[in-house]
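First the structure, which I've put down as structure tokens, then a few questions once you've had a look.
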Amino acid sequence: MDKYTLFVTALMRSTTWFMICMRASVNLHNSIFTRLMRAPIAVFDNKPVGQMLNRFSKDMGTVDEMLPFTGFDLNIMLLEAMGIIITVDIVNVYLIIPARSPVFTHVSTTLNGLVSVRAYGAQEAFERQYYVYQNDHTATWFLFVCASRSLGLIMDWLGVGYILVIAVVMMVFPEQIGNGGSAGLALSSVSKK
């Protein structure tokens, strides 16, 4: 029951979104066309016909093809971010407040209480604690940088391997491909993602 409900809900959400985008595109096209038809003759004398046609063909095509998918992805990401924030808020309200690094907190605390630190002779203890915080911060940051670069490298090599497999399959079975244009289209489509 749950998976069907999820499927129907997702289908309704995407269908509604793309219907709204289609209506918006039709309204935009009609608005542009109406304003162009009511424009004075001087507009047609000063603007090239190709530029006006470009507004209706290429620019409207871009609005029709790219904008709905980009807007749909944006809505999904915003709703996911709101869901994450609400979930974290339900678990613990204090986790919403961003925490400062222990290094910065230790430095600001030490500088604010510098007179007391010197009065009690605790400079060495504060210095050792600073090194502990600095080592932890540096180790965590280095792990993050290494993991990010490793993931990027692995994804790049997976993409190269996939393109290589597609190219080899096209060379081994050329009769299945047809003409060179189909092979070029397939390779450019694979390498675009």
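The values are calculated or read from the model by the stated rules, or taken from the named source; none is laboratory data. What you see is a predicted model, and the numbers here were worked out from it, not measured in a lab. Positions of Cβ are generated from backbone atoms using ideal geometry, with glycine treated the same way; all protein chains shown enter the neighbour counts.
If you go through the range 44-61, how many residues are surrounded by 10 or more Cβ atoms within 10 Å (Cβ to Cβ), among the polar types (S, T, N, Q) and at pLDDT 80 or above?
Of the residues in that region, 0 qualify.
Being free of Cβ contacts under 8 Å to residues at least 12 places away in the same chain and within 28 Å of the chain's Cα centre (by Cα) is the filter here, so list the residues in the range 44-63 that pass it.
Ser57, Lys58, Asp59, Gly61, Thr62
Any chance you could count how many residues in the range 100-132 are surrounded by 11 or more Cβ atoms within 10 Å (Cβ to Cβ) and of a type in the set (Asp, Glu)?
Within the range 100-132, residues that are surrounded by 11 or more Cβ atoms within 10 Å (Cβ to Cβ) and of a type in the set (Asp, Glu) number 1.
Considering the range 13-43 alone, what residues qualify as being over 28 Å from the mean Cα position of the chain (by Cα) and surrounded by 10 or more Cβ atoms within 10 Å (Cβ to Cβ)?
At the first step, the residues of the range 13-43 found to be over 28 Å from the mean Cα position of the chain (by Cα) are 27, 29-43.
Across the range 13-43, the qualifying residues are Asn27, His29, Asn30, Ser31, Ile32, Phe33, Thr34, Arg35, Leu36, Ala39, Val43.
While we're looking at this one, here's another question. Does Val165 meet the test of being in the same structural domain as Ala186 (by TED's automatic domain parsing), assigned to a helix (DSSP H, G or I) and closer than 30 Å to Ser188 by Cα?
yes
Listed residues Ile97, Ile76, Ile90, Ile85; which is surrounded by 10 or more Cβ atoms within 10 Å (Cβ to Cβ) and modelled with pLDDT under 90? Quick ask: steps written out before the conclusion?
Details: Ile97 fails: surrounded by 10 or more Cβ atoms within 10 Å (Cβ to Cβ); Ile76 fails: modelled with pLDDT under 90; Ile90 fails: surrounded by 10 or more Cβ atoms within 10 Å (Cβ to Cβ).
Every option except Ile85 fails the conditions.
Determine whether the range 100-108 contains at least one residue that is farther than 30 Å from Phe126 by Cα and touching a residue at least 24 places away in the same chain (Cβ under 8 Å).
Scanning the range 100-108, I find no residue that is farther than 30 Å from Phe126 by Cα and touching a residue at least 24 places away in the same chain (Cβ under 8 Å), so the answer is no.
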